[in-house]
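J.: Would you mind keeping the following structure in view while I ask a few things?
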Amino acid sequence: MSALGVEVGTVRAVRPVGPGREFLLDDEPVDLHLADGRIVDIAPTGALPARGEVIEADGAWAVPGLWDNHVHTVQWALAAERVPLGAADSAAGAARLMRDAPVLPDGRRIGTGFRDALWPDRPSVAALDAETGVVPTYLINADVHSVWLNSAALAREGFRGDDGLLREEDAFEISRRLNAVDPAHSDEAVIRAGAAAAARGVTGLVDFDMAWNADAWPRRILAGFAAHRVEFAFYPADLDRAIAAGLRTGERLAVTDPTGLVGSLVRVGSLKVISDGSLGTRTAACSHSYPGDPANFGVLTVPPDELTALLTTAAGAGIEVAVHAIGDRAVTAALDAFGASGATGSMEHAQLVRHADLARFGRLGVRASVQPQHAVDDRDLVEHHWAEQTAIGYPLASLLSAGAEVRFGSDAPVAPLDPWHAIAAAVWRTDDDRVAWHPEERVTLDQALEASVRTSLRPGQSADIVLLGSDPRTADAAGLRTMPVTTTMLGGRLTHVA
């Protein structure tokens, strides 16, 4: 068995699936010949002499390296140290889970992943105080757009909240503080998480961490991170800093790099702008109000004129923009801003889209960066909180049919960082024993793979290759979700071997 980090020269007897497969005449195994981090030739098995380190695939299936196009990296990595609250079915139940939660070295208790939108009771400071006492305690919503704090935590952070819930920018500020652990600690957590991602076939991700990532990623690479490629984002508060530093989307960082890995793995990404709230927090900006709250249409957290100005500034500096827009009002406002500014980039989430806006994605060249797992996780929320909405909820097939470029992600830690979960959710639109939710929005496996990769299995392409233990073309929903990944290669270098 080859060791991690080894450069592979030949992958013998594989069956390609997904992009690149269309150039092969049949399903017979082929050999992939690699050099200098790229695929240099594809030939029938045994037709050409093997070169370098050989991986014996024995007829395994191969797909291009998988990308997760929406990750909050540090929050995802630190989630392993926090109490999972996804099983809590009430505010009282979530508070009880935190009662016995371990106290972290910084004196806090932190839980993550609660979903309160359908709870029978409401969070309150008194209920949380009764269970957690004087230890500062923080519960982070699964959507990260709200946090629930006890009195000790509110006092420690200098916030006030009648029910203990902080929403939107206040919630983001709490998350930034909780994530600002010792860099050595967070880097170790990111390295561990990167290895777990490689074990699921990940060779690249887009990092939307709410920090100055231009310093963080070179530091992590030099500390030993080498699991996948990274495009990092920054936020409006750092836009002037990014422009002054000469950051341009797609370019390498100008840093001292004795390993050469920073230049090969890290690229400047987009300006991230959060233009509305979320479904779970009932703040996504929608055309119709939320049930039982006739004055609540969600919030546009960035006014349209300000959004257009941000996009115009970014476009003039050679920076793409990733606009978080969940509700249909926010989606329309974001597309308007792209059109007025001439900016390029992506719409993040696009969970509720007006019929008339579908074709605008393709016409404006705005990528739809979506999270298919959210559709199956949120189906009950949608049926309750968006029952009166007239726009399309969680479109996939509709976006593709309208000519949009679609990319998949997880929004980790909101959903697990596992591209096979996204692929399964997109193809089957269910992850339990219920029938497919809005099956008209299902996509084919080939379409799902296309939205999950950046390369193909063709000569000249980067040797980002994933070997699978079963054929994804014949897998059902459970089979895709648990797809066995036996080997992951990044530029021909082994990052995972089962």
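J.: Just give me the residues in region 135-153 being surrounded by 19 or more Cβ atoms within 10 Å (Cβ to Cβ) and in a helix (DSSP H, G or I), in sequence order. Working first, answer last.
T.: Let us first name the residues in region 135-153 that are surrounded by 19 or more Cβ atoms within 10 Å (Cβ to Cβ), namely 136-150, 152-153.
Across region 135-153, the qualifying residues are ALA152, ALA153.
J.: Which residues, counting only those in region 1-42, are of a type in the set (Asp, Glu), part of a strand (DSSP E or B) and over 16 Å from PRO64 (Cα atoms)? Quick ask: steps written out before the conclusion?
T.: Taking region 1-42 and keeping what is of a type in the set (Asp, Glu), we get 7, 22, 26-28, 31, 36, 41.
From what is left, the residues that are part of a strand (DSSP E or B) are 7, 31, 41.
The one that is of a type in the set (Asp, Glu), part of a strand (DSSP E or B) and over 16 Å from PRO64 (Cα atoms): GLU7.
J.: Here is a follow-up. State which residue is nearest to the chain's Cα centre (by Cα) when the search covers only region 157-173 and only residues that are assigned to a helix (DSSP H, G or I) and touching a residue at least 24 places away in the same chain (Cβ under 8 Å).
T.: Start the filter on region 157-173 by keeping residues that are assigned to a helix (DSSP H, G or I), which leaves 157, 169-173.
In the following step, the residues that additionally are touching a residue at least 24 places away in the same chain (Cβ under 8 Å) were identified as 169, 171-172.
Details: GLU169: 20, ALA171: 19, PHE172: 17 Å.
Going through the qualifying residues, I end up with PHE172.
Results for (1) closer than 24 Å to HIS228 by Cβ; (2) in contact (Cβ under 8 Å) with a residue 60 or more places away in the chain, shown as yes or no for each residue.
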residue	(1), (2)
THR10	yes, no
ALA13	no, no
ARG51	no, no
VAL54	yes, no
ASP58	no, no
LEU78	yes, yes
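J.: Among the residues of region 460-488, which ones are in a helix (DSSP H, G or I), open to solvent by less than 40 Å² (accessible area, probe 1.4 Å) and of a type in the set (A, V, I, L, M)?
T.: ALA477, LEU480 - these are the residues of region 460-488 that are in a helix (DSSP H, G or I), open to solvent by less than 40 Å² (accessible area, probe 1.4 Å) and of a type in the set (A, V, I, L, M).
J.: Would a scan of region 86-97 turn up a residue that is assigned to a strand (DSSP E or B), modelled with pLDDT of 95 or more and under 27 Å from HIS70 (Cβ atoms)? Outline the logic, then answer.
T.: Pass one, region 86-97, residues assigned to a strand (DSSP E or B): none.
No, every residue in region 86-97 fails to be assigned to a strand (DSSP E or B), modelled with pLDDT of 95 or more and under 27 Å from HIS70 (Cβ atoms).
J.: From ASP116, ASP106, ASP58, ASP68, which residue is in contact with a Leu (Cβ under 8 Å, 6 or more places away or on another chain) and either surrounded by fewer than 24 Cβ atoms within 10 Å (Cβ to Cβ) or of a type outside the set (Gly, Ala, Ser) (or both)?
T.: Details: ASP116 fails: in contact with a Leu (Cβ under 8 Å, 6 or more places away or on another chain); ASP106 fails: in contact with a Leu (Cβ under 8 Å, 6 or more places away or on another chain); ASP58 fails: in contact with a Leu (Cβ under 8 Å, 6 or more places away or on another chain).
Of the residues listed, the single one that is in contact with a Leu (Cβ under 8 Å, 6 or more places away or on another chain) and either surrounded by fewer than 24 Cβ atoms within 10 Å (Cβ to Cβ) or of a type outside the set (Gly, Ala, Ser) (or both) is ASP68.
J.: Considering only region 237-263, state which residues are at pLDDT below 95 and out of contact with any strand residue (DSSP E or B) (no Cβ under 8 Å at 6 or more places or on another chain).
T.: Within region 237-263, the first condition is being at pLDDT below 95, and the residues that meet it are 252-263.
Hits for region 237-263 are ALA254, VAL255, THR256, ASP257, PRO258, THR259, GLY260, LEU261, VAL262, GLY263.
J.: List pairs: first residue in region 362-384 and part of a helix (DSSP H, G or I), second residue open to solvent by 30 Å² or more (accessible area, probe 1.4 Å) anywhere in the structure, Cβ distance under 6 angstrom, at least six positions apart or on different chains.
T.: GLY362/ALA402; GLY362/GLY403; LEU364/GLY339; GLN373/HIS421; VAL376/ASP431
J.: When you scan region 348-392, how many residues do you find that are over 18 Å from GLY277 (Cβ atoms), among the β-branched types (Val, Ile, Thr) and surrounded by fewer than 21 Cβ atoms within 10 Å (Cβ to Cβ)?
T.: 1
J.: With respect to the numbered conditions (1) over 22 Å from GLU22 (Cα atoms); (2) under 23 Å from the mean Cα position of the chain (by Cα), which one is the sole condition not fulfilled by ARG493?
T.: (2) is the only condition that ARG493 fails.
J.: Taking THR249 as the residue in question, decide whether it is open to solvent by 60 Å² or more (accessible area, probe 1.4 Å) and β-branched (Val, Ile, Thr).
T.: Numbers: open to solvent by 60 Å² or more (accessible area, probe 1.4 Å): no; β-branched (Val, Ile, Thr): yes.
Against the criterion (open to solvent by 60 Å² or more (accessible area, probe 1.4 Å) and β-branched (Val, Ile, Thr)), THR249 does not qualify.
J.: For region 174-188, enumerate the residues that are over 19 Å from the mean Cα position of the chain (by Cα) and part of a helix (DSSP H, G or I).
T.: Selection gives ILE174, ARG177, LEU178, PRO183, ALA184, HIS185, GLU188.
J.: Within region 189-199, identify whether any single residue is closer than 17 Å to GLY113 by Cα, assigned to a helix (DSSP H, G or I), at pLDDT 95 or above and of a type outside the set (Phe, Trp, Tyr), and answer yes or no. Let's see the steps before the verdict.
T.: If we filter region 189-199 for residues that are closer than 17 Å to GLY113 by Cα, which is where we start, we get none.
Scanning region 189-199, I find no residue that is closer than 17 Å to GLY113 by Cα, assigned to a helix (DSSP H, G or I), at pLDDT 95 or above and of a type outside the set (Phe, Trp, Tyr), so the answer is no.
Every residue, every condition in (1) of a type in the set (A, V, I, L, M); (2) farther than 27 Å from VAL370 by Cα, yes or no:
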position	(1), (2)
ALA193	yes, no
PHE225	no, no
HIS228	no, no
VAL262	yes, yes
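J.: Can you pull out every residue in region 394-445 that is open to solvent by 20 Å² or more (accessible area, probe 1.4 Å), closer than 21 Å to ARG363 by Cα, part of a loop (DSSP other than H, G, I, E, B) and of a type in the set (Gly, Ala, Ser)?
T.: ALA402, GLY403
J.: With the condition kept exactly as written, say whether any residue in region 262-275 is open to solvent by 30 Å² or more (accessible area, probe 1.4 Å) and among the small types (Gly, Ala, Ser).
T.: yes
J.: Still on this model: Return yes when GLY491 is of a type outside the set (Asp, Glu) and either open to solvent by 40 Å² or more (accessible area, probe 1.4 Å) or free of Cβ contacts under 8 Å to residues at least 40 places away in the same chain (or both) and no when it is not. Explain how you work it out, then say what you get.
T.: On the way: of a type outside the set (Asp, Glu): yes; either open to solvent by 40 Å² or more (accessible area, probe 1.4 Å) or free of Cβ contacts under 8 Å to residues at least 40 places away in the same chain (or both): no.
Taking the combined requirement at face value, the residue does not satisfy it.
J.: Out of (1) open to solvent by less than 10 Å² (accessible area, probe 1.4 Å); (2) more than 26 Å from SER275 (Cβ to Cβ); (3) not in a helix (DSSP H, G or I), what's the single condition that is false for LEU128?
T.: With respect to (1) open to solvent by less than 10 Å² (accessible area, probe 1.4 Å); (2) more than 26 Å from SER275 (Cβ to Cβ); (3) not in a helix (DSSP H, G or I), LEU128 is out only on (3).
J.: Something else about it: Output the qualifying pairs, or none if there are none: Cβ atoms under 9 angstrom, residues six or more apart or on different chains, first residue in region 221-238 and under 22 Å from ALA314 (Cβ atoms) and in contact (Cβ under 8 Å) with a residue 12 or more places away in the chain, second residue surrounded by fewer than 18 Cβ atoms within 10 Å (Cβ to Cβ) and among the aromatic types (Phe, Trp, Tyr).
T.: PHE234/TRP212; ASP238/TRP212
J.: Sticking with this structure for a sec: What is the residue count in region 312-330 for residues that are free of Cβ contacts under 8 Å to residues at least 40 places away in the same chain and either charged (D, E, K, R) or crowded, with 24+ Cβ neighbours inside 10 Å (or both)? Show your work before the answer.
T.: Keep residues of region 312-330 that are free of Cβ contacts under 8 Å to residues at least 40 places away in the same chain, which gives 312, 315-316.
From the residues that got through so far, the ones that are either charged (D, E, K, R) or crowded, with 24+ Cβ neighbours inside 10 Å (or both) too are none.
Going through region 312-330 one residue at a time, the tally reaches 0.
J.: Among SER264, SER270, SER275, which is the only one that is touching a residue at least 40 places away in the same chain (Cβ under 8 Å), touching a helix residue (DSSP H, G or I) at 6+ places or on another chain (Cβ under 7 Å) and not aliphatic (A, V, I, L, M)? Please lay out each step first, then the result.
T.: On the way: SER264 fails: touching a helix residue (DSSP H, G or I) at 6+ places or on another chain (Cβ under 7 Å); SER270 fails: touching a helix residue (DSSP H, G or I) at 6+ places or on another chain (Cβ under 7 Å).
Of SER264, SER270, SER275, the one residue that is touching a residue at least 40 places away in the same chain (Cβ under 8 Å), touching a helix residue (DSSP H, G or I) at 6+ places or on another chain (Cβ under 7 Å) and not aliphatic (A, V, I, L, M) is SER275.
The values are calculated or read from the model by the stated rules, or taken from the named source; none is laboratory data. The shown structure was predicted, so the numbers you read here are calculated from the model rather than taken from an experiment. With ideal geometry, Cβ positions are generated from the backbone for all residues, glycine too; neighbour counts draw on all protein chains shown. Just the protein is used for accessible areas: all its heavy atoms, side chains included, with ligands, DNA and RNA removed. Shrake-Rupley method; radii C 1.70, N 1.55, O 1.52, S 1.80 Å.
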